[in-house]
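Worksheet: one structure, shown below.
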Amino acid sequence: MTAPALRTTGLHKSFGSLVVAQDVAISLPQGARYALIGPNGAGKTTLINLITGALRPDSGEILLGEEAITALEPDSRVKRGLARTFQINTLFPDLSPLEAVTLAVCERLGVANVWWRRLVGFRDAVDEAYDILASLNIGAVCYRATRELAYGQQRLLEIALALATKPKVLLLDEPAAGVPRQQGGELFEAIANLSSDITVLFIEHDMEVVFRFASRVIVMVGGRLLVEGTSSEIAADQRVREVYLGRSRHG
Amino acid sequence: MIAPAVGVLFDGFAYGMLLFLLSVGLSVTLGMMNFVNLAHGSFAMVGAYVAVSLMGLGWPFFATLPCAFLVAGVISVGFERTLFRRVYRASDLQQVLLTIGLAFISVAAAAWFYGTMQQPVRLPVYLRTYATFMGINFSIYRLFLIAVALAVTGLLVGALDYTRFGAQVRAAVDNQRMAQGLGVDVDTVFAITFALGSGLAGLGGALAIEIVGLDPNFTFTYLIYVLIVVAVGGLGSIRGSLLAAILLGVSDAAGKYYVPTLGAFLIYLVMVSLLLWRPSGLFGRR
Amino acid sequence: MAGVADPHQYLAAKQRWAPIEVAFWLAMLLPFVLVPTYLPLASQIAITAIFAVSLDLILGYAGLVSLGHAAYFGLGAYTAGLIAKAGWGEPFSGLLIGGAAAGLFGHLTGYIVVRVRHLALIMITLGIGLLLYEVANRASWLTGGNDGLQGVAMWPLFGSFDFDLYGYTAYAYSLAVLFAVVLAARRLVHSPFGLSLRAIRENERRMPAIGAPSRARLRTIYTIAATIAGIGGALLAQTTQFVSLGALSFERSAELIVILVIGGTGRLYGGVVGAIVYMVARDRLSGMNPQYWYFWIGLMLIGVVLFLPNGILGGLATLLPRRSRAS
């Protein structure tokens, strides 16, 4: 059997007396679609920050494929195939989507530090960026400044930027946050249509979406893993009902 | 051997206290609004010129000090309400440009009204004498300066720690959005703090004339020292500003006495190294 | 929305030479025939423009505010001046050595500068500038201290053009270097690297998430900008055959920011236009007491921040219809 695409063991992180991650061990098989759920403050975004290197764990290890990446800088992890999106749009307001995604492609190809050749000369990178944008249905607006884009289009651009890094593992932090429900569905269709080579972990509050698009679900509470299982196992789990489903659903 | 060292230490300490008065207001307002106010030195200069003008009219030195405080505070809040608040959300660069523009104008205005020569200050006779202790001369004026600065520090720390307004200021420095959410009127709190801070700078300016003189370039000469105190001490920290000001005052006096060839080199070097070690200053958060 | 369907056309249009650019460079030749008595001023303008373009690369494109950029300008000036004084008066190699010295210092200080932001960045760049000023001031045996570096004797340019009293050679030389610098900066701005700088300015937090090492990028541009500033300084030393401490001063750094901001940051020609407007205005008003010159600078700064945040070129751009909108 091949190694899992992403694995963490014993991840621990605390700020002073506040423990935000405690003994977190997850393992995502190649090509899996995992959902990460839990009430607000459960440490879901913190876990993504730990995996991507935005935060340093106090202890524990992170493996991408068979390589330990715990000590790597965030940008080096991206180069090895670990990409993420942000819950709150983290884009380049004054660049056009085409420019932004082309830049991400150039970064992956290792040519973004070239200052003596024109960007237009990198035709393959531009074509690839345009194809990514078109595949997410934002090809028509890719020449405008990003800040002029509709909110939902900006959410798609978040994903486009991550895809441009050709990830093996993609971590999506509430990709549909703030998007009306129907558009959110379209957004998840786009995610479901991603190549099966890409392993996906997404944070989402809408349980219908979770059960429809995730093959397995991880539940976090208070910085710890509560339970992991298939959609139906999670739906039937009494503990999950208590801490999560019992409460009001988030839109 | 000992006597000069004590003298240098004393002068440096007095100078540090002066720098503290000049910079503490900037530190608190910068910590609260992240507003880089390079015109802070101009408010100190306003205080200094108010004191000189009133003494010219025959006022006693002591009576001019509260006026220096008041006028600098009132003028500053006028600018805060009309001009500065427009750029709180703008970039660092925009804030630097606007306030340095104002500083330039204040220099020109001072030259227009008062000319470019040094202004005289007429101290009461008893402030111009020395107290001798263990064979060392201590300037009465510097003792007075230290006493004023210590009193101000005590008042500030007390007000911040024990009054309702102080609590609001601390909350706003700590987390502006949170404070707003808790019903603190950050806008008004900031305006008052700004006036107080600039008033203290005005007071410092009036007290500084005897030590460092006064001409229209006062704004820029002291701006760099004030910025060093704020950056090294850490934004929004009164303790940090006090420590940094004393450190700077003593090193400046000691440097001038023991290694005059190095000039200000040593101070800049210490500042750059300190900021590399702790980019948010000695007592800075983040 | 038709007309720009192809991504290659869209990107190519962004970096195409505009007719007004060509006209601009032709106009820069006019001083030779129209106002030959002002050629020394024209050289000063070209040199200041080089310096302003170098600051624009870090401030306008990458978003790093520096209050100490004169350090690199002055270092280039003293290096070129000292080489000439020591007996090697060949201008072009002196120019390159001056640029290299400043670039090396920029590379070393770059490691410090890119680590900090906000007030700490302002203070560290300011501190580096003040430090170098103090060093030059104290080392008067080498630099001449307050009297300035004198006895800078230049050989003819390329062995055949003497630096004449009227400034023909000086302006031709300065203008050629300015043109080369703008060409290089133009290439850089439209390269993938230039794009990544704009992205850092727009949102540095996102950069690691697309696999970009933004600190390394900032170090590179800081080194490049320092090199260009050094070339500008070297040019000043060679054309005026003198270097004063003022080349390293805080006033020089502050003035440069004013120039760039008046012209417009983050636009290739902002620094050039700013240099022309500022230097001509200062020349016209040179009879004025310097204190009042400061008054006008102050007023201009406040006006620019409140009413013209993108400088003269930004203001013009909003007035003129945008070509790319035509369909």
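3J(HN,Hα) along region C:174-184: 4, 5, 5, 5, 4, 4, 4, 5, 5, 4, 5 Hz, from the Karplus curve 6.51 cos²θ - 1.76 cosθ + 1.60 with θ = phi - 60°, whole Hz, x for Gly and Pro. Modelled spin labels at A:PHE15 and B:ALA90, positioned 7 Å past Cα toward Cβ, are 3.2 nm from each other. Residue order for A:TYR130, C:TYR222, fewest other beta carbons within 10 angstrom first, comes to A:TYR130, C:TYR222. Comparing A:ARG117, A:ARG84, A:ARG241 in a Gaussian network model of chain A where C-alpha atoms under 10 Å apart are linked, the largest mean-square fluctuation is found at A:ARG117. What FRET efficiency comes out for B:ILE140 versus C:THR318 if R0 is 60 angstrom and r is the Cβ-Cβ distance? Round to the nearest 0.05. The calculated FRET efficiency here is 0.45. Counted by neighbouring Cβ atoms within 10 Å, the residues C:TRP141, B:TRP112, A:TRP115 run from fewest to most as C:TRP141, B:TRP112, A:TRP115.
Looking at the P(r) of region A:89-166, how many percent of alpha-carbon pairs lie beyond 17 Å? Roughly 37 percent, once rounded to a whole number. Summing charges over all other residues whose Cβ lies under 13 Å from the Cβ of C:ILE58, with Lys and Arg as +1 and Asp and Glu as -1, gives +3. Each residue of region B:135-140 is assigned a 3J(HN,Hα), and the resulting list reads x, 10, 8, 10, 5, 4 Hz, derived from the Karplus form 6.51 cos²θ - 1.76 cosθ + 1.60 (θ = phi - 60°), x at Gly and Pro. Over region A:89-166, Cα pairs under 8 Å with separation of 6+ residues give a relative contact order of 51 percent.
3J(HN,Hα) along region B:217-224, derived from phi through the Karplus expression 6.51 cos²θ - 1.76 cosθ + 1.60 where θ = phi - 60°, amounts to 7, 3, 3, 7, 4, 8, 4, 5 Hz, with x in place of Gly and Pro.
Rounded to the nearest 10 degrees, the inclination of helix C:91-113 to the longest alpha-carbon principal axis of chain C is 60 degrees. Quick note on chain B: its Rg to Rh ratio, both from C-alpha atoms and Rh being the Kirkwood radius, is 0.97.
If only the Cβ of Lys and Arg carry +1 and only the Cβ of Asp and Glu carry -1, the dipole of region C:7-325 around its Cα centre is close to 1400 debye.
Adding -39500 (n - 2.57) for every DSSP H run of four residues or longer, then dividing by how many residues the protein assembly as shown holds, sets the calculated 222 nm ellipticity at -19000 deg cm²/dmol. Residue exposure proxy: A:ASP173, A:ASP237, ordered by other Cβ atoms within 10 angstrom of their Cβ from fewest to most, comes out as A:ASP237, A:ASP173. Which stretch or stretches of region C:261-282 have amide N atoms under 15 Å from the point lying 7 Å from C:PHE307's Cα along the Cα→Cβ direction? The answer is C:262.
Which one, B:ILE75, B:GLY115, B:VAL96, is farthest towards the positive end of the dipole of region B:67-140 when Lys and Arg carry +1 and Asp and Glu -1 on their Cβ? Projecting each Cα onto the dipole axis, the largest value belongs to B:ILE75. Using Cβ point charges alone (K and R +1, D and E -1), the dipole size of region B:2-277 about the Cα centre works out to roughly 160 debye.
Once the Cα atoms are used to define both axes, helix A:123-135 deviates from the longest principal axis of chain A by about 50 degrees.
In chain C, the longest principal axis of the Cα atoms and the axis of helix C:70-85 are about 40 degrees apart. Placing dummy labels 7 Å off each Cα toward the beta-carbon, the span from C:TRP293 to A:ALA71 is 5.7 nm. Under 5 Å from the amide H of C:GLY89 lie the amide H atoms of C:TRP155, each residue being 5 or more positions distant or on a separate chain, with H modelled from the backbone and absent for Pro and chain starts. Compute the label zone of B:LEU57 within region B:113-131: residues whose backbone N is under 20 Å from the point 7 Å along Cα-to-Cβ. The answer is B:113-115, B:119-124, whose backbone nitrogens lie closer than 20 Å to the label point. For B:TRP277 and A:TYR151, what does the FRET efficiency come to when R0 = 45 Å and r is the distance between their Cβ atoms, rounded to the nearest 0.05? Efficiency at R0 = 45 Å is approximately 0.60. Using a simple spin-label model with pseudo-atoms 7 Å out from Cα toward Cβ, C:SER286 and A:ARG123 lie 5.4 nm apart. Take every pair of alpha-carbon atoms less than 8 Å apart whose residues are at least six positions apart; their mean separation over the length of region A:131-251 yields a relative contact order of 18 percent.
Partner aspartates and glutamates whose Cα lies under 20 Å from the Cα of C:LYS85, excluding those fewer than 8 positions away in the same chain, are identified as C:ASP147, C:ASP162, C:ASP164.
Think of chain A as having a plus end and a minus end, set by charges on the Cβ of Lys, Arg, Asp and Glu; of A:VAL114, A:ALA100, A:ILE69, A:ILE69 sits farthest toward the positive end of this dipole. Hey, in the GNM for chain C with a 10 angstrom Cα cutoff, which one of C:ILE58, C:ILE124, C:ILE221 fluctuates hardest? Comparing C:ILE58, C:ILE124, C:ILE221 in the GNM, the peak value goes to C:ILE124. When the Cα positions of C:TRP296, C:GLY311, C:GLN238 are compared along the charge dipole of region C:235-327, C:GLY311 comes out farthest toward the positive end, with charges on each C-beta of Lys, Arg, Asp and Glu. Stokes-Einstein diffusion for region C:7-325 at 20 °C, viscosity 1.002 mPa s, with a Kirkwood radius from C-alpha pairs, works out to 106 µm²/s.
Is the C-alpha gyration tensor of region C:1-128 telling us rounded, prolate or oblate? Criteria: a/c under 1.5 is rounded; beyond that, a/b larger than b/c is prolate, otherwise oblate.
oblate
Of A:PRO93, A:PRO74, A:PRO167, the residue with the greatest mean-square motion in the GNM of chain A, using alpha carbon springs below 10 Å, is A:PRO93. Could you tell me whether the protein assembly as shown comes out rounded, prolate or oblate from its Cα gyration tensor? Rule is a ≥ b ≥ c as square roots of the eigenvalues, rounded for a/c under 1.5, then prolate if a/b exceeds b/c, otherwise oblate. Taking the square roots of the gyration eigenvalues as a ≥ b ≥ c, the protein assembly as shown is oblate.
Within a straight-line Cα-Cα reach of under 26 Å, A:LYS168 can be paired with the following lysines, leaving aside sequence neighbours fewer than 8 residues apart in one chain: A:LYS13, A:LYS44, A:LYS79. About its Cα centre, the protein assembly as shown has a charge dipole of approximately 520 debye under the convention of +1 per Lys or Arg Cβ and -1 per Asp or Glu Cβ, with nothing else charged.
Taking 8 Å as the Cα distance limit and 6 or more residues as the minimum spacing, I'd like the relative contact order of region C:7-325 as a percentage.
Reported as a whole number, the value is 32 percent.
Sites listed here are trypsin sites (Lys or Arg not before Pro) in region C:218-327 whose DSSP assignment is loop and whose Cβ has at most 16 other Cβ atoms within 10 Å: C:ARG322. Between B:THR221 and C:PHE24, the C-beta separation translates, for a Förster distance of 56 Å, into a calculated FRET efficiency of about 0.85.
Values in this text are rule-based calculations from the coordinates and carry no lab data. Just so you know, these numbers come straight off a predicted model, no measurement behind them. Neighbour counts are summed over all protein chains in view; Cβ atoms, including those assigned to glycine, are modelled from backbone coordinates with ideal geometry.
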